[in-house]
1. Can you give me the number of residues within the range A:141-181 that are within 7 Å of chain B (Cβ to nearest Cβ), open to solvent by 30 Å² or more (accessible area, probe 1.4 Å) and touching a residue at least 40 places away in the same chain (Cβ under 8 Å)?
2. Taking only the range A:95-139 into account, find how many residues are of a type in the set (Ser, Thr, Tyr) and within 14 Å of chain B (Cβ to nearest Cβ).
3. Tell me which residues, restricted to the range A:197-219, are touching a Leu at 6+ places or on another chain (Cβ under 8 Å) and closer than 23 Å to residue A:243 by Cα.
4. Looking only at the range A:267-291, count how many residues are part of a helix (DSSP H, G or I), at the interface with chain B (Cβ under 10 Å from one of its Cβ atoms) and either touching a strand residue (DSSP E or B) at 6+ places or on another chain (Cβ under 6 Å) or crowded, with 21+ Cβ neighbours inside 10 Å (or both).
5. What are the residue pairs meeting all of these: first residue in the range B:298-311, first residue under 19 Å from residue B:14 (Cα atoms), second residue in a loop (DSSP other than H, G, I, E, B) and of a type in the set (A, V, I, L, M), Cβ atoms under 7 Å, and 6 or more apart or on different chains?
6. Mind checking which residues of the range A:104-123 are open to solvent by less than 20 Å² (accessible area, probe 1.4 Å) and either in contact with a Cys (Cβ under 9 Å, 6 or more places away or on another chain) or hydrophobic (A, V, I, L, M, F, W, C) (or both)?
7. So in the range B:26-57, with the set limited to residues that are part of a loop (DSSP other than H, G, I, E, B) and either open to solvent by less than 80 Å² (accessible area, probe 1.4 Å) or free of Cβ contacts under 8 Å to residues at least 12 places away in the same chain (or both), which one is farthest from residue B:310 (Cα to Cα)?
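The values are calculated or read from the model by the stated rules, or taken from the named source; none is laboratory data. The structure displayed is predicted, hence computed values, not measured ones. Methodologically, a virtual Cβ is constructed for each residue, glycine included, from the backbone with ideal geometry; neighbour enumeration extends over all protein chains shown. The accessibility values were calculated without ligands, DNA or RNA, using every heavy atom of the protein model including side chains. Shrake-Rupley method; radii C 1.70, N 1.55, O 1.52, S 1.80 Å.
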2 protein chains.
Amino acid sequence: MIQNNFAVGIDIGGTNSVVGLCDNMGNISSSQSFPTNNFDHPEDFVKTASEWIESKKAEYNIVGVGIGAPNGNITSGTIEFAPNLPWEGQIRLAEMFQKATGLRTILTNDANAAAIGEMTFGNAKNLTDFVLITLGTGLGSGVVIHNELVSGAHGIAGEFGHIIAERNGRECGCGRKGCLETYVSSTGIVRSVFELNSEHKLSSALLKSEAIDARVVFEQAEKGDRFANEVIGYTAEMLGRSLADFACFSDPQAFVLFGGIAQSGQKFADLVKSTLEDHILNIYANRIEIRVSSLHDKNAAILGAASLILS
Amino acid sequence: MIQNNFAVGIDIGGTNSVVGLCDNMGNISSSQSFPTNNFDHPEDFVKTASEWIESKKAEYNIVGVGIGAPNGNITSGTIEFAPNLPWEGQIRLAEMFQKATGLRTILTNDANAAAIGEMTFGNAKNLTDFVLITLGTGLGSGVVIHNELVSGAHGIAGEFGHIIAERNGRECGCGRKGCLETYVSSTGIVRSVFELNSEHKLSSALLKSEAIDARVVFEQAEKGDRFANEVIGYTAEMLGRSLADFACFSDPQAFVLFGGIAQSGQKFADLVKSTLEDHILNIYANRIEIRVSSLHDKNAAILGAASLILS
């Protein structure tokens with residue numbers, strides 16, 4: 001009897017962290033979610049998660065642990081000063097898990113994990129050169145060149161959310177101004193609602209919503225609300241322009257959009273594609289696809305993390 | 001007796017094209033220059049250059065031909081619609097040389113050739129991850145990640161001269177507006193003289209020059225001319241800002257500046273470094289060097305082309 005290999009995928013999030021078991025076909029057999037803030041120290045989280053992993057060893061042939069984390073550094077296996085996590089400073093999380101479980105452990109940032117996941121199990125299976133863009137609270141990116149994830153000289157490549165999209169633009173959490181993720185992210189979309197509303201006050205169902213978030217903007221746009229569609233168009237344009245610049249670097253086959261905004265539908269991807277073609281250097285014209293991730297369920301992050309081991 | 005291996009390096013330029021023989025220590029044994037416009041068709045150039053190569057075969061053990069050319073595509077070995085060459089359309093130059101000489105032939109664009117040359121013989125010898133920036137009539141780039149040149153999915157990676165540095169900025173030869181090379185290149189510097197002069201008219205020896213070119217601007221700056229220094233500062237700032245964005249992609253160890261402007265002295269590189277640090281995302285701060293090419297003689301392009309074979 002051939003026993004399937006399994007990898008543990010751990011997704012570290014600002015709100016919840018999830019630990020799951022994944023086989024090399026991309027099936028998740030078991031998973032558990034923990035509120036990240038329940039753990040004052042990373043040691044406490046490692047202890048709890050490792051006990052969960054240990055309890056699975058009798059039943060599953062576990063070959064390693066993959067971790068996707070904000071500000072994860074693939075070279076050092078550390079989380080470096082992640083502003084959205086309760087844990088401060090530089091955390092040697094890969095080493096801690098390796099010691100606690102005895103399993104080979106690889107850690108990287110969420111966007112890199114998603115890129116590997118998409119290449120292993122998702123919509124980038126047949127691509128050799130692509131850039132995955134995660135659109136969530138912020139904007140992350142994972143760059144794949146000739147089938148290899150680009151980690152960078154210091155383990156921190158792919159910070160596309162922090163290229164300057166608008167000089168002296170919106171204030172960013174990084175301390176600078178005009179970063180792409182202040183426009184293209186779920187929080188950026190809400191800021192765009194206020195900016196565009198300040199510029200030309202339109203009547204819109206959107207502005208009567210109790211709480212405006214990116215999901216509401218997409219819902220109203222779907223219903224034909226003109227102002228909501230303007231916000232979506234503005235967001236897609238900011239992203240498409242920046243992708244046109246980004247293409248000049250690695251000449252990819254595709255950009256793959258991942259995360260809540262990307263999953264709102266093909267329409268957003270089509271708008272991004274159209275702006276990309278309007279702004280791109282002629283030699284790249286009609287050569288670069290905009291794809292939407294096919295890993296849209298809540299397990300995408302675990303799959304991505306597990307694929308660091310399984311790919 | 002061990003016979004040294006030699007590669008032919010061919011540098012295709014808008015004015016002159018040079019063919020040379022290079023050994024694996026980076027010594028050039030013999031070279032010849034031809035005015036590119038003397039050849040109405042690429043076939044004529046291939047014939048003449050191949051005859052020169054043939055005449056060297058008795059004396060040297062030649063193992064291949066490397067070609068650096070504007071708009072060179074490393075995947076297809078073609079020159080694609082190069083605006084500065086007398087030859088039109090898509091030219092299968094690598095194939096033509098391979099047939100004419102019987103030697104393995106690799107063609108790429110000038111900046112990629114320079115990057116490989118710098119890695120093999122120059123100031124990037126100890127680097128695994130860097131971006132070479134050529135500053136000449138235009139601005140080109142060659143991206144090296146984990147010791148490998150990034151060619152891209154379609155063979156046309158590294159067009160950093162065409163990221164948009166200033167939205168709706170200066171008109172570029174590519175048909176768009178605000179491309180980096182319209183600011184940071186020898187022609188861009190001359191345009192900056194006119195732009196800054198139109199903004200605030202300063203008395204400057206520079207404006208009394210018979211013909212203003214980048215060399216004159218650097219000479220006057222060296223002599224302490226305030227206006228010339230302002231132009232240089234503006235150029236360095238445009239480049240430094242853009243490099244700060246570019247760093248977010250591949251997280252390199254260094255940017256290596258190559259070509260006439262770069263060779264004007266360490267001062268320009270220092271200004272670029274200072275702007276880079278002012279604008280860079282915190283995680284990259286003080287981690288990325290600005291180096292100046294050490295291949296400054298006129299043979300750099302031949303060395304780069306030959307290194308495609310010798311590296």
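1. 1
2. Of the residues in that region, 2 qualify.
3. Residue satisfying the conditions is A:217 alone.
4. Number of matching residues: 1.
5. Close Cβ pairs satisfying both conditions: B:303/B:295.
6. Of everything in the range A:104-123, those that are open to solvent by less than 20 Å² (accessible area, probe 1.4 Å) and either in contact with a Cys (Cβ under 9 Å, 6 or more places away or on another chain) or hydrophobic (A, V, I, L, M, F, W, C) (or both) turn out to be A:107, A:111, A:113, A:114, A:115, A:116.
7. Among those that are part of a loop (DSSP other than H, G, I, E, B) and either open to solvent by less than 80 Å² (accessible area, probe 1.4 Å) or free of Cβ contacts under 8 Å to residues at least 12 places away in the same chain (or both), it is B:39.
So that you can scan it fast, the table gives a plain yes or no per residue for (1) open to solvent by less than 70 Å² (accessible area, probe 1.4 Å); (2) assigned to a helix (DSSP H, G or I):
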residue	(1), (2)
B:13	yes, no
B:59	no, no
B:84	no, no
B:94	yes, yes
